[in-house]
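The values are calculated or read from the model by the stated rules, or taken from the named source; none is laboratory data. Predicted, not measured: the structure shown is a model, and the values here were computed from it. Neighbour counts run over all protein chains shown; Cβ positions are idealised from the backbone, glycine included.
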Amino acid sequence: MNRTRDPRQSAALRIAVVGATGAVGQVALELLAARRWPADRLVLMASARSAGKKIAYLGRQLEVVEGRPDAFGRVDVAFISATTAVSRALAPELARRGVLAIDDSGAFRMQADVPLVVPEVNGADVEGHRGIISIPNCTTTPLVMVLAALRKLSPLTRVTVATYQAVSGTGAAAVRELDAQAEAIVAGRLASHSVYPHRIAFNVLPQVDRFLDDGYTAEEHKMTNETRKILHLPDLPVSSTCVRVPVRVSHSEAVHVEFAGPVAPEQARTALRAFPGIEVVDDPARSDYPMPETAAGKDPVYVGRIRKDLSHPSGLVLWLSCDNLRKGAALNALQILDEVVRRNALKPATLVTSGPRE
């Protein structure tokens, strides 16, 4: 398809935000408001218990409605950021009704006929959608952007990652628990926990999601599988250790990349600076490097501490931070819609006709 349409034309579409009361949904509304998206082209949806709530948007109070299939009658596109169960129930039905579902859950990411998209990396993949497009895991997105920039210098041969993930990746309840635990500890009181298996305040947990039989967590498998799919490198060796840290917003990652041939750090800096959506912050002499604090509320993937890997002649090591609620979720969803509109690919050639597969 030809890229002939201006993405600003997407404002003529009617959008439903499913999960509008959640952390990602709230950021999506902030981003839509910044674009001056018309309130009458917006439908806010959530679970039955949130139906009837009012959310302020561009000087108006918009009422939240229950996200049932029959509520999407005049909707063109649905951003879904709720539970996996909600996505599995809604997205295929919406696709059958001609509504494009841009889904933030893991329900469809590895389904062969569902594009998994980071527009800066594989935007053309939206043209193959059948009514559902998936957003990657919020740790995968910044990683694949960095790898897409660097593989222009030399083919990738191996990637190893350690993540430092903010609690907002779990949801609003985890943020509240972190705050409550920190307040209790500072006050000398006992800090209880329910969201995570251990206290997260003043602690780190080397577990994100459930453990599988091979000793890795589901989150770690997501990083491997999603990275391969987005980069169209099905055999790329990828291994990760995913860690939850007591940070409210922004995930960080320590990334070790091996190439087919040597890549100098300055070459990497040049390639990363030229890549859309990446900002290089790399002046160690001034202690200038990416941090969760400075990434929070910002759109770019911040990359720094770029250096040779002393253990491998063709390796680099780097550090990144990225707001997991923005580029890791809501912003990426909006950019996918922009890409769909730009490529005139709102309506698929073939709609989904079967339910989700495991």
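The residue that is surrounded by the fewest Cβ atoms within 10 Å (Cβ to Cβ), counting only those in segment 121-138 that are assigned to a helix (DSSP H, G or I) and not small (Gly, Ala, Ser), is GLU127.
Among the candidates VAL263, VAL195, VAL247, the residue that is of a type in the set (Val, Ile, Thr) and either out of contact with any strand residue (DSSP E or B) (no Cβ under 9 Å at 6 or more places or on another chain) or not assigned by TED's automatic domain parsing to the domain that holds GLY297 (or both) is uniquely VAL195.
Residues checked against (1) more than 14 Å from THR160 (Cα to Cα); (2) in contact with a Gly (Cβ under 9 Å, 6 or more places away or on another chain); (3) of a type in the set (Ser, Thr, Tyr):
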position	(1), (2), (3)
ASP213	yes, no, no
LEU233	yes, no, no
VAL281	yes, yes, no
SER287	yes, no, yes
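Evaluate segment 139-150: report whether one residue or more is modelled with pLDDT of 95 or more, in contact with a strand residue (DSSP E or B) (Cβ under 6 Å, 6 or more places away or on another chain), within 26 Å of GLY171 (Cα to Cα) and in a loop (DSSP other than H, G, I, E, B). Yes, the conditions are met somewhere in segment 139-150.
Against the test of being among the β-branched types (Val, Ile, Thr), crowded, with 17+ Cβ neighbours inside 10 Å and more than 22 Å from the chain's Cα centre (by Cα), the options VAL65, VAL114, VAL86, VAL99 yield a single qualifying residue, VAL65.
Can you tell me which residue in segment 266-290 is farthest from LEU147 (Cα to Cα), limited to those that are part of a loop (DSSP other than H, G, I, E, B) and without any contact (Cβ under 8 Å) to a residue 40 or more places away in the chain? Selected residue: SER287. Figure legend. Inter-residue proximity from segment 199-213: first residues in a strand (DSSP E or B), second residues modelled with pLDDT of 95 or more, beta-carbon distance below 7 Å, spacing 6+ or different chains. Indicated pairs: LEU205/TYR196; LEU205/HIS198; LEU205/VAL243; LEU205/ARG244; PHE211/THR217.
Here is a check on your reading of the model: is ARG305 in a strand (DSSP E or B), without any contact (Cβ under 8 Å) to a residue 24 or more places away in the chain and over 30 Å from ALA101 (Cα atoms)? Yes: the conditions hold for ARG305.
Does GLU30 meet the test of being farther than 19 Å from VAL340 by Cα, of a type in the set (Asp, Glu) and in contact with a helix residue (DSSP H, G or I) (Cβ under 6 Å, 6 or more places away or on another chain)? No; evaluated as a whole, the condition is false for this residue. Scanning segment 69-98 for residues being among the β-branched types (Val, Ile, Thr) and not in a loop (DSSP other than H, G, I, E, B) gives a total of 4. No other residue among GLY261, GLY277 is on the phi > 0 side of the Ramachandran plot and of a type outside the set (D, E, K, R) apart from GLY277.
Selection of segment 104-135 for residues being in contact with a helix residue (DSSP H, G or I) (Cβ under 8 Å, 6 or more places away or on another chain) and more than 19 Å from ARG343 (Cβ to Cβ) yields ASP104, SER105, GLY106, ALA107, PHE108, ARG109, MET110. Taken over segment 261-298, the criterion of being more than 27 Å from VAL27 (Cβ to Cβ), among the basic types (Lys, Arg) and surrounded by 15 or more Cβ atoms within 10 Å (Cβ to Cβ) is satisfied by ARG269 alone. Please verify whether segment 246-265 includes one or more residues that are farther than 25 Å from GLN207 by Cβ, assigned to a helix (DSSP H, G or I), at pLDDT 95 or above and out of contact with any Leu (no Cβ under 6 Å at 6 or more places or on another chain). Scanning segment 246-265, I find at least one residue that is farther than 25 Å from GLN207 by Cβ, assigned to a helix (DSSP H, G or I), at pLDDT 95 or above and out of contact with any Leu (no Cβ under 6 Å at 6 or more places or on another chain), so the answer is yes. Pairs meeting the criteria (first residue in segment 18-39 and assigned by TED's automatic domain parsing to the domain that holds GLY67, second residue of a type in the set (Lys, Arg), beta carbons under 7 Å, at least 6 apart or on different chains) are THR21/LYS53; VAL27/ARG326; ALA39/ARG60. Checking the stated criteria, ALA162 turns out not to satisfy the condition of being crowded, with 18+ Cβ neighbours inside 10 Å and touching a residue at least 40 places away in the same chain (Cβ under 8 Å).
In the set LEU178, LEU153, only one residue is in contact with a helix residue (DSSP H, G or I) (Cβ under 6 Å, 6 or more places away or on another chain) and not assigned by TED's automatic domain parsing to the domain that holds PRO300; that residue is LEU178. Against the conditions (1) surrounded by fewer than 15 Cβ atoms within 10 Å (Cβ to Cβ); (2) among the aliphatic types (A, V, I, L, M); (3) within 29 Å of ALA172 (Cβ to Cβ), VAL301 satisfies every one except (1).
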